[in-house]
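Chemist: Have a look at this one before I ask anything.
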Amino acid sequence: MLIQGKPSTTIWPDPDGEGVFILDQTRLPHVVAPVLLRDLGDAAKAIKDMWVRGAPLIGVTAAYGVALAMRQEAADAFLHRAVEVLRATRPTAVNLNWALARMLAFLGQMPEELRRDAALVMAKKMAADDIACNEAIGEHGLALIRAAREKRGGAPVRILTHCNAGWLATVDWGTATAPIYKAQAAGVDLHVFVDETRPRNQGASLTAFELGQQNVPHTLIVDNAGGHLMQQGEVDLVIVGADRIAANGDACNKIGTYLKALAAKDCGVPFYVAAPVSTFDFSLTEGRLIPIEERAQEEVTYISGAAANGEVVTVLLAPKTTPARNPGFDVTPARLVSGIVTEKGVFAADKEALAALNSAK
Ligand code: MRU
């Protein structure tokens, strides 16, 4: 996708071989700041402190993290330690476990002296695969947007999305946004309603930023406005991402997604989840088993943004001593999900349909 008109991905190996570059997403949209990760500690910090975030990008960053670790030391003990350090960074997005398991299985069976180069090759392959998966999600999702346009008699299709399941949450394309970018390229008129997504405001700071950079028409709304817009008939389709999907189609995504799904059901608005197969956790029978990340109270009681002079500042919103609760994710039950858009096609959110997806992996 584009930043200031230039094609970019969210993560790329340093051409000089010093490490891996990421964009520090905590500084967007105010500052576009590439950061060089040089070792395992840098990669773990980048994921934990959400310089990178979004399930697919967390997975790919972890894969690069293992590659950086193998430059430090390629012995078995350090490989296992690297996997555990990275696994401990964030609990909900299953792509992290998926990527680490792949790296471990691949590197564990080869001689130590080959691991350094092989780990980098594998991480690059996982990054390329992520791009291909998301582009395929875009093609399958485009069919849903075209169908919505038919219903609208050719008028712009109005899509609501929550959090950032955009290209910034992946290596490129995004999951929920891939169909949007494909539709734009196909000349389908659309308009995106962007939930601000408190407490960290990934919608306001990241989704609005990336849609703006791509010239996709969009409007930022407060989290509580989505239900009202759906009641007013102003939303044709909801598309969100996911951090983990259970075998029965229950989908875990950023906190607040569940309320959007409830409103969509009540208003008869189709509600789609877009995610690669790596976001499915077929070992969990239902969504209530998904670990939900509890984050710092300060994310609720403080807010940050750019001051009039451009400086990025953080200000207190609540009384200093007010306690806050901050679950990072919620689970949307499968019964509220119209379909799951994957790189292998659109699947019903139920056990039988997803079992077919699992066996086709
Ligand atoms: O806490 P975050 O910013 O990592 O949460 C991100 C989300 O919830 C995304 O919607 C999800 O990971 C899908 S990303 C394609």
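The values are calculated or read from the model by the stated rules, or taken from the named source; none is laboratory data. Everything numeric in this text was worked out from a predicted model, so none of it was measured. Using ideal geometry, Cβ is built from the backbone for each residue, glycine included, and neighbour counts are taken over all protein chains shown. Accessible surface is based on the protein model in full, side chains and every heavy atom, while ligands, DNA and RNA are left aside. Shrake-Rupley method; radii C 1.70, N 1.55, O 1.52, S 1.80 Å.
Chemist: Out of Lys344, Lys260, report the one residue that is of a type in the set (Lys, Arg), in contact with a helix residue (DSSP H, G or I) (Cβ under 9 Å, 6 or more places away or on another chain) and crowded, with 20+ Cβ neighbours inside 10 Å.
Modeler: Lys260
Chemist: Here's something else I'd like to know. Please specify each residue of segment 183-201 satisfying the condition of being within 16 Å of the ligand (Cβ to nearest atom) and open to solvent by 10 Å² or more (accessible area, probe 1.4 Å).
Modeler: Within segment 183-201, Phe193, Glu196, Arg198, Pro199, Arg200, Asn201 meet the criteria.
Chemist: Report yes if Ile303 is within 13 Å of the ligand (Cβ to nearest atom), farther than 30 Å from Ile145 by Cβ, among the hydrophobic types (A, V, I, L, M, F, W, C) and open to solvent by 50 Å² or more (accessible area, probe 1.4 Å), otherwise no.
Modeler: So Ile303 does not fit the description; no.
Chemist: Out of the residues in segment 150-182 that are away from the ligand (no atom under 14 Å from the Cβ), in contact (Cβ under 8 Å) with a residue 60 or more places away in the chain and in a loop (DSSP other than H, G, I, E, B), state the one that is most open to solvent (accessible area, probe 1.4 Å).
Modeler: Arg152
Chemist: Same structure again: In segment 1-10, which residues are part of a loop (DSSP other than H, G, I, E, B) and surrounded by 13 or more Cβ atoms within 10 Å (Cβ to Cβ)?
Modeler: Met1, Ser8, Thr9, Thr10
Chemist: Please verify whether Gly249 is touching a Phe, Trp or Tyr at 6+ places or on another chain (Cβ under 6 Å), of a type outside the set (S, T, N, Q), in a loop (DSSP other than H, G, I, E, B) and not assigned by TED's automatic domain parsing to the domain that holds Asp24, treating the condition exactly as stated.
Modeler: no
Every residue, every condition in (1) open to solvent by less than 30 Å² (accessible area, probe 1.4 Å); (2) in a strand (DSSP E or B), yes or no:
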{"residue": "Trp12", "(1), (2)": "no, yes"}
{"residue": "Asp16", "(1), (2)": "no, no"}
{"residue": "Phe21", "(1), (2)": "no, yes"}
{"residue": "Leu28", "(1), (2)": "yes, no"}
{"residue": "Val31", "(1), (2)": "no, no"}
{"residue": "Val35", "(1), (2)": "no, yes"}
{"residue": "Ala44", "(1), (2)": "yes, no"}
{"residue": "Met50", "(1), (2)": "yes, no"}
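Chemist: Looking at (1) within 15 Å of the ligand (Cβ to nearest atom); (2) touching a residue at least 24 places away in the same chain (Cβ under 8 Å); (3) surrounded by fewer than 18 Cβ atoms within 10 Å (Cβ to Cβ), can you tell me which one Asp129 breaks?
Modeler: Looking at each condition in turn, Asp129 falls short on (2).
So that you can scan it fast, the table gives a plain yes or no per residue for (1) hydrophobic (A, V, I, L, M, F, W, C); (2) not in a strand (DSSP E or B):
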| position | (1), (2) |
| --- | --- |
| Ala261 | yes, yes |
| Ser283 | no, yes |
| Ile292 | yes, yes |
| Val315 | yes, no |
| Val346 | yes, no |
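Chemist: Given (1) at pLDDT below 95; (2) under 21 Å from Cys252 (Cβ atoms), identify the lone condition not met by Leu160.
Modeler: Every condition holds for Leu160 apart from (1).
Chemist: Still on this model: Can you confirm whether Val238 is crowded, with 18+ Cβ neighbours inside 10 Å and part of a strand (DSSP E or B)?
Modeler: yes
Chemist: Picking from Pro15, Pro34, Pro7, which residue would you name as being away from the ligand (no atom under 16 Å from the Cβ), touching a strand residue (DSSP E or B) at 6+ places or on another chain (Cβ under 7 Å) and modelled with pLDDT of 95 or more?
Modeler: Pro34
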